[in-house]
Amino acid sequence: MSVSRRAFTLGLGTVPLLRSGEAPEEQGHQSHEAAEGSKPVIVAIPKPKLFDEHELATVAALADVIIPATDTPGAREAHVAEYLDLILSDSPESVRTSFCEGLWWTDGHCQRTAGAPFKALRTAEQLRVVSALHDSPDDNDRTGRLFIRSMKIWTARIYYSTEVGAHELNKGGRVPPTYFGHCAS
């Protein structure tokens, strides 16, 4: 799946972040406190625009396998799945279709090979599926291989564009402060 830098950047502009003390304006939003040890930030989480609840949970589980929580918050805590839903909902039809077909194929693959949808598998099995599909030389797995690889790219780009990801990236002051001028603070 190929997404232009412009389309990706425009998509990120649709992600609603609120500063501490502001209330979500739209109904249907949930509040979420930032990770322990950082200043409280309220993030407005809208209802999914593109994904249904199962798809959103599957994308969240995939993102969590790609960037799990460790001593810092992971992709789930950074709301990667919710941001991806917003970005894809405003993306061209071909991008949405390609992503959803890969998601459905991967979930169906898990049903056939493991007897359960991806989100219902144990973490170790989820990791095995992601690794196996990512590295699969089998042409029958092409859809899954391309999807997993694109999911890794989406996850990393979105995660490191969030405040949580910026803090992770700058652990120990590794990045000059001028780099974060465009990030949420």
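Each reported figure results from applying straightforward, stated rules to the coordinates on display, with no laboratory input. Owing to the predicted nature of the structure, the values given are computational and were not obtained by experimental measurement. Cβ placement follows ideal geometry from the backbone for every residue including glycine, while neighbour counts extend to all protein chains displayed.
Length gain on complete extension for the stretch D90 to K47, per 0.36 nm per residue less the alpha carbon to alpha carbon distance?
14.0 nm
Any idea what diffusion coefficient the range 48-170 gets from Stokes-Einstein, in µm²/s, Kirkwood Rh on alpha carbon pairs, 10 °C, 1.306 mPa s?
D, rounded to a whole number, is 109 µm²/s.
Determine, for D64, D139, the number of other Cβ atoms within 10 Å of each Cβ, and report the residues in order from fewest to most.
Final ranking by Cβ density, sparse to dense: D139, D64.
Just want the ordering: H167, H54, from fewest to most Cβ atoms lying within 10 Å of their own Cβ.
Ordered by Cβ neighbours within 10 Å, fewest first: H54, H167.
How high is the FRET efficiency between L127 and N170 when r is their beta carbon distance and R₀ equals 22 Å, given to the nearest 0.05?
0.25
Which order results if F51, F118 are arranged by neighbouring Cβ count within 10 Å, fewest first?
F51, F118
At 0.36 nm per residue, and after removing the present C-alpha to C-alpha distance, how many nm does the segment from I153 to N140 gain when stretched out fully?
Numbers: separation 13, 0.36 × 13 = 4.68 nm, distance 2.19 nm.
Between I153 and N140, full extension yields 2.5 nm more.
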